[in-house]
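The values are calculated or read from the model by the stated rules, or taken from the named source; none is laboratory data. Just so it is clear, the structure is predicted and the values come from calculations on it, not from any experiment. Here the Cβ positions follow ideal geometry from the backbone for every residue, glycine too, while neighbour counts run over all protein chains shown.
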Amino acid sequence: MRNRTLAIALAICSSQLGNAQSLGIFFGHSDVGTVLHAGSATYDSAKNAYTLIGSGENMWATADAFQFAWKKISGDVEISADVSFLNSGGNEHKKAVLMLRQSLDSNSVYADVALHGNGLTSLQYRDQKGGTTTEVESNISAPARLRITRVGRYVYISLGQQGSDLHFAAGSVPIPLDGEFYAGIGVCSHDKNATEQATFSNVAIKNVTARTTQPVPYSSLESVAALKLLTGRMTARTFSSIAMDTLRNYPWQVGSPRF
């Protein structure tokens with residue numbers, strides 16, 4: 001009896017170890033919200049790539065439904081990855097995301113950088129539990145590499161094409177993430193009856209400081225736009241009111257030559 005109990009315990013430990021190894025840097029994965037088709041997450045160590053398959057009606061409004069691979073973290077942090085979909089079909093607003101999320105509840109506070117099937121890329125966020133999702137769209141379409149950064153109360157995104165540097169690509173927003181929260185990658189089919197597959201390669205999650213994460217604008221035009229905004233000489237027709245408000249309170253020094 002004792003030997004049998006020991007064998008069972010060893011089998012459980014072995015299974016848990018194998019599962020942890022198969023997920024690479026992530027601790028776990030799960031479907032968030034209500035989905036008709038269970039999702040999955042696998043890791044190819046030879047290619048340093050994760051493949052997520054997920055269903056879900058959307059990640060929007062007051063609740064989300066998607067497949068999520070995650071680890072817990074706290075403090076100032078950034079996630080970066082090369083992101084692509086398996087195919088160009090399906091709903092044009094299927095989403096592959098890098099996400100910071102307070103909990104695994106469907107209506108949780110969160111922020112993500114979302115790559116849509118049609119190339120649209122945006123900073124999406126819900127700043128209170130059960131609240132409505134809002135987004136700040138980037139003017140950069142179909143980037144190859146994405147990053148989301150959280151420093152203090154603020155979250156912002158950076159984007160880049162294959163082989164190029166990442167550049168600040170949307171206004172920062174204040175997101176209340178308390179204590180430990182979830183950092184990870186996700187995919188949503190934007191069609192409850194379908195599943196979609198996305199690949200995330202060269203994924204990195206690390207703690208950062210404001211001094212080491214000062215954003216670099218995508219172009220000189222963006223620098224001029226931000227400086228005009230900060231001096232009160234830019235209209236809401238050019239930037240959304242959200243971007244105007246958050247950039248005025250941007251957590252980096254206004255006079256920096258890199259902003």
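Observations, loosely collected:
- Residues in the stretch 182-195 that are among the hydrophobic types (A, V, I, L, M, F, W, C) and surrounded by 22 or more Cβ atoms within 10 Å (Cβ to Cβ): 183, 185, 187, 188.
- Residue in the stretch 177-185 that is under 27 Å from residue 31 (Cβ atoms) and among the acidic types (Asp, Glu) present: yes
- Any hit, the stretch 19-30, residues being free of Cβ contacts under 8 Å to residues at least 40 places away in the same chain, of a type outside the set (Val, Ile, Thr), part of a loop (DSSP other than H, G, I, E, B) and surrounded by fewer than 20 Cβ atoms within 10 Å (Cβ to Cβ): no
- Yes/no for residue 67 being part of a loop (DSSP other than H, G, I, E, B) and in contact (Cβ under 8 Å) with a residue 24 or more places away in the chain: no
- Cβ-Cβ contacts under 9 Å between residues 6 or more apart (or on different chains), taken from a first residue in the stretch 163-179 that is more than 17 Å from residue 115 (Cβ to Cβ) to a second residue that is modelled with pLDDT under 90 and hydroxyl-bearing (Ser, Thr, Tyr), are listed as 171/240; 171/246; 171/250; 172/246; 172/250; 173/246; 174/246.
- Taking the criterion of being in contact (Cβ under 8 Å) with a residue 40 or more places away in the chain and either at negative phi or of a type in the set (Ser, Thr, Tyr) (or both), the residues of the stretch 42-57 that qualify are 47, 49, 50, 51, 52, 53, 54, 55, 57.
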